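The values are calculated or read from the model by the stated rules, or taken from the named source; none is laboratory data. Values in this document were obtained by computation on a predicted structure and should not be read as measured data. FYI the Cβ positions are ideal-geometry reconstructions off the backbone, even for glycines, and counts take in every protein chain you see.
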Amino acid sequence: MPALMPPTVADTPALAALRADVRRFLAEQIAAGRFTPAVDTWLTGWNTEFSQALAAQGWLGMTIPIEYGGLGRSFVERFVVTEELLVAGAPVAAHWIADRQAAPSLLRFGSELQKQRFLPAIARGECFWALGMSEPDSGSDLASVRTRAERVEGGWRLTGTKVWTSGAHHAHAMSVLARTSPADPTNRHAGLSLLIVELPSPGVEIRPILGMNGGHHFNEVTFDGAFVPDERVLGDVGAGWHQVTAELGYERSGPERVLSTYVLLAELVDATRDGQVRRHADLGRYVARVASLHHLSSAVAAALERHAPVETAAAVVKVLGTTTEGDIADLADRLIAAGSPPELRDLASQAVVQRPGFTLRGGTNEVLRGVIAREMGLR
């Protein structure tokens, strides 16, 4: 049986010093009233000023090479920074997808022109990104893409609809998975390509999808003959499926799949210690699970640094991590009463509202369990 998870890694003195620097910065930001810790802030906490303050510290575009405006640091160093940001409940949604996913994809598949155009702006906190993958009525079947890109002089005409595109109403660009050749029933993954659509753009309409609390971070994006020039095709025409699956290690394994409700968990522990919330055995279990998941997620970051395959390990982190996030929200909902501290009640309310999305985004956990089972030879 193949090993599902890479070996775990420990913080070095240099990484510990980096953690201390980030914690000091975040404490200063909170004390100055620049943000209030919240739940699920990598999706909902859009704050461009905070993103640019991180860039000024050198904590955006950390893995982007120096020649493209980054710092050329390691994935493990980036993991340390992002983990501390999530633990603090910092508002990181503005830059998150650009830094986590677009930058590595551009470095791996992008042309020199695309790298020069986008990477320095991502590192400065001036270019935010959205992902155009999911479509209406497709569920988790990404291969059923119906958005079409038709060849025209000098580029492509894009027609179709994407949904659940986080931050598209603020983004400067988005990666769009589209069908550039007719579907092949014998190979559903063939004929797909990734196109970079700059926003706003003629022929692109962005409409909000509001959450249960009226919050707006999801969108429906419709392409009505939007023109995409040839120089904005990311990678090779027809190689879109390979490129998308290559990104999954970045998307599924990060600490955001574990720590979306960490602020709530920490506040629950404090409130239990102070006698404001009744004790419950699950609280200790979830603290232990989060500690274990820290090691798993950091191990994947180290594997990414070695260019080792991480797709299955990332699926494991995503399934276990997002299940834990939801369990923490459920526990808080059961334990918190009317007399609990108002800050704690607010965090719990945020978590309950966001809870349905934890196990859906980035691929449903049901689908990912199948991926893991196949790797283990069980299917």
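Among the candidates Val300, Val353, which residue alone is assigned to a helix (DSSP H, G or I), over 17 Å from the mean Cα position of the chain (by Cα) and touching a residue at least 60 places away in the same chain (Cβ under 8 Å)?
On inspection, the qualifying residue turns out to be Val353.
Please go through segment 115-152 and give me each residue that is touching a residue at least 60 places away in the same chain (Cβ under 8 Å), within 21 Å of Asn219 (Cα to Cα) and in a helix (DSSP H, G or I), ordered by number.
Leu142, Ala143
Give Ala102, Ala94, Ala98 a once-over and let me know the one that is part of a helix (DSSP H, G or I), of a type in the set (A, V, I, L, M, F, W, C) and in contact with a Cys (Cβ under 8 Å, 6 or more places away or on another chain). Break it down into steps so the answer makes sense when it comes.
Working: Ala102 fails: in contact with a Cys (Cβ under 8 Å, 6 or more places away or on another chain); Ala94 fails: in contact with a Cys (Cβ under 8 Å, 6 or more places away or on another chain).
None of the other options fit; the residue is Ala98.
Picking from Thr180, Thr186, which residue would you name as being more than 24 Å from Arg361 (Cα to Cα) and in contact with a strand residue (DSSP E or B) (Cβ under 8 Å, 6 or more places away or on another chain)?
Unique residue meeting the criteria: Thr180.
Only one residue in Pro185, Pro208 is of a type outside the set (D, E, K, R), without any contact (Cβ under 8 Å) to a residue 40 or more places away in the chain, touching a Phe, Trp or Tyr at 6+ places or on another chain (Cβ under 8 Å) and surrounded by fewer than 21 Cβ atoms within 10 Å (Cβ to Cβ), so which one is that? Reasoning before the result, please.
On the way: Pro185 fails: touching a Phe, Trp or Tyr at 6+ places or on another chain (Cβ under 8 Å).
Within the list Pro185, Pro208, the selection yields Pro208.
Quickly run through segment 262-275 and pick out the residues that are in contact with a Gly (Cβ under 8 Å, 6 or more places away or on another chain) and either more than 15 Å from Leu347 (Cα to Cα) or of a type in the set (Ser, Thr, Tyr) (or both).
Tyr262, the sole residue that qualifies.
Filter the strands (runs of 3 or more DSSP E) completely within segment 160-267 down to those with at least 1 residues that are of a type in the set (Ser, Thr, Tyr) and over 20 Å from the mean Cα position of the chain (by Cα).
192-198, 216-229
Considering only residues that are polar (S, T, N, Q) and part of a helix (DSSP H, G or I), look in segment 13-65 and name the one that is farthest from Glu77 (Cα to Cα).
From segment 13-65, those polar (S, T, N, Q) are 29, 36, 41, 44, 47-48, 51-52, 57, 63; that's our starting set.
From what is left, the residues that are part of a helix (DSSP H, G or I) are 29, 41, 44, 48, 51-52, 57.
Details: Gln29: 21, Thr41: 20, Thr44: 24, Thr48: 22, Ser51: 18, Gln52: 19, Gln57: 14 Å.
Taking the candidates together, the pick is Thr44.
Go over the candidates Leu43, Leu60 one by one and state the one that is outside the structural domain of Leu268 (by TED's automatic domain parsing), of a type in the set (A, V, I, L, M) and either buried (at least 23 other Cβ atoms within 10 Å of the Cβ) or at pLDDT 95 or above (or both).
Of the residues listed, the single one that is outside the structural domain of Leu268 (by TED's automatic domain parsing), of a type in the set (A, V, I, L, M) and either buried (at least 23 other Cβ atoms within 10 Å of the Cβ) or at pLDDT 95 or above (or both) is Leu60.
So, in segment 124-159, of the ones that are among the β-branched types (Val, Ile, Thr) and at pLDDT 95 or above, which residue ends up nearest to the chain's Cα centre (by Cα)?
Thr147
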